[in-house]
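The values are calculated or read from the model by the stated rules, or taken from the named source; none is laboratory data. If you're wondering where the values come from, they're calculated on a predicted model, not measured in any experiment. A quick note on method: Cβ atoms are made from the backbone with ideal geometry, for glycine too, and the neighbour counts reach across all protein chains shown. In case anyone asks, the SASA skips ligands and DNA or RNA and just uses the protein heavy atoms, side chains included. Shrake-Rupley method; radii C 1.70, N 1.55, O 1.52, S 1.80 Å.
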Amino acid sequence: MALFLAWLIALAAAPQTAVLRITVSVTAADGSTHPVPRHVLLISDDPVTASPQRFVTKADGTAEAHLKPGKYVVESDNPYVLDGQAYEWSQPVKVAATGETTLALTAANAAIEAAKPGAAPTVAAVEERVEGSLLADWKDSIVIIWTPARVGRGFLMDARGLVVTNQRLIETATTVEVQVSATTKVAGRVVANDPNRNVAIIWIDPRAVAPARPLTPAFSPPAAPLAERDTVYAIEAPASGARSVISGTVDRVSAHTVSSDVPLGRDSAGVPLLNASGRVVAITTSAEEASAVNEISPRSVRIDDAQSALAEAGKKIEGAAPPSATPLPMDPDLPFPEEALKKAAKARGASLSPYLVAASDFEVNIITPPVLYGSLHKSDDGGHFDYARDDHAQAQAVLNPLDDFGTWREYVSDAPPVVLIRVTPKFGENFWTTVARGAAQTQGVAIPAIKRPKAGFGGLRLSCGDKEIAPIHPFRIEHRLDGSASIDEGLYAFDVSAFSPQCGRVSITLFSDKPSDKGDTRTVDAKIVQQVWDDFAPYR
């Protein structure tokens, strides 16, 4: 009881944030008053104990800060220039514990001097400064999320390792892989999944993402409400290459969504939309239509809708061990040289088929970069096949291992320097269907063969000698066969070292989706292992 009372007293005594509302305006030579938009303000506590917080005035010259009660100094990051005069502010302010504190920055309390030639920052220059600051502050807080079905983005929202993303990316997955940098990927556990609000929370070991800082949400209230025509920003995070900031304008704000014209790439679902102060206002999401699952929707989820999922996730991780921080296999840093690919594919001539491994219920194809490159460039139209067939028997014929990689078509389009193992269920007719067709035949009724997948794909395990090799990616490719039925293929990416002749024996164990399946282990022919290894000779 005493501890509970102490907790209540401490909670009551804990400082709450209060609102500081700032207006910035100047008076022109003709006496008219002009609000100062896009002006960067730095707010430091007084005396200074930490780095200043950064705020940017909106189009009407206002900015709103939520601060703990106390003394602060508000100052300009750069002068504002109008009619040849440079205005710069540095004003002390005391934020009250109750009510709203206001601070008006005007010509009366500005330091004014004649502007130096070229001192007036253009709108583009101000925007460039804002974007540069956002990138410096938050580029390491954006992560890449790999699921078996697709890739997207998320962002660190809690120092305990909680990552926020959109639920359409995660769907029903309980574990994912989270790439926290260009060289590190770790396991992630889904600890909250809210389909109604399209929000998912993933937990990773916080040590894996250090020293990245958690982003701050602009929950409303207390944050200022988002409005139409506000500028919002997003950080694009390619799997390889430099990160960058793009911006757009808010078109519409509803209770649960924010519509904007931020031009995001197709794999960027899950990145946050930020205001000019660097606070998260919304979570980008993929389009609702299944046919456009990799397309970005203009409607993002307001960050307010993530509050309940974050609270749920916080409760679930209390006292629990975080997912492993052991780095997972990554895609190789360097691409396969295109000239080497061309030469290797040309050397294969017309023989650009994958290497086939016999199995009872599945077609197992091993695909190397030269084979993939040659297939992708064999014709102008790419030779793609249509999977949307009503006849299941026809479907088996079009499941070409070098065509239509579904949501992973962009991943394979550059012929990455990995070994791909594509596992496709075989089609066949079960015993009783054959008996029924035979009976109908005796009555003069001809029924075509009704073939269905022999087994659903459950997973695979690759071994180099006695050592099991973890995949770089355990992808799935879903194919719709008709209006209701679908099949999943496996598309696993491995480092070529798993096919080194030094392994002695390379084996693949296939699992169906039946819980009782103990696996079907197949040894890869030594000649195939050598051929796979030789295909990478130009890369090595």
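Observations on the model:
- Within region 409-444, being in a loop (DSSP other than H, G, I, E, B), over 30 Å from VAL532 (Cβ atoms) and at pLDDT 55 or above holds for GLU429, GLN443, GLY444.
- Flag for LYS94 being open to solvent by 40 Å² or more (accessible area, probe 1.4 Å), part of a loop (DSSP other than H, G, I, E, B) and basic (Lys, Arg): no
- For region 241-255, a tally of residues being surrounded by 14 or more Cβ atoms within 10 Å (Cβ to Cβ) and either within 27 Å of HIS473 (Cβ to Cβ) or modelled with pLDDT of 95 or more (or both) returns 2.
- Within the set PRO369, PRO322, PRO272, the sole residue that is open to solvent by less than 10 Å² (accessible area, probe 1.4 Å), touching a helix residue (DSSP H, G or I) at 6+ places or on another chain (Cβ under 8 Å), under 27 Å from GLY161 (Cα atoms) and not basic (Lys, Arg) turns out to be PRO272.
- The number of residues in region 295-327 being out of contact with any Ser or Thr (no Cβ under 6 Å at 6 or more places or on another chain) and assigned to a loop (DSSP other than H, G, I, E, B) comes to 10.
- Here is the figure for region 205-238: residues that are among the small types (Gly, Ala, Ser), closer than 18 Å to ASN166 by Cβ and assigned to a loop (DSSP other than H, G, I, E, B) total 2.
- Counting only residues that are charged (D, E, K, R), touching a Ser or Thr at 6+ places or on another chain (Cβ under 9 Å) and in a strand (DSSP E or B), region 156-191 holds 2 of them.
- Members of region 179-210 found to be touching a residue at least 12 places away in the same chain (Cβ under 8 Å), open to solvent by 30 Å² or more (accessible area, probe 1.4 Å) and over 17 Å from PRO322 (Cβ atoms), listed by number: SER181, ALA182, THR183, ASN193, PRO195, ARG197
Results for (1) on the phi > 0 side of the Ramachandran plot; (2) open to solvent by less than 70 Å² (accessible area, probe 1.4 Å); (3) at pLDDT 95 or above, shown as yes or no for each residue.
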| residue | (1), (2), (3) |
| --- | --- |
| PRO117 | no, no, no |
| ALA120 | no, yes, no |
| GLY132 | no, yes, no |
| ILE142 | no, yes, yes |
| ILE145 | no, yes, yes |
| ALA149 | no, yes, no |
| PHE155 | no, yes, yes |
| GLY161 | yes, yes, yes |
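- Residue in region 343-361 that is basic (Lys, Arg) and either open to solvent by 70 Å² or more (accessible area, probe 1.4 Å) or within 34 Å of the chain's Cα centre (by Cα) (or both) present: yes
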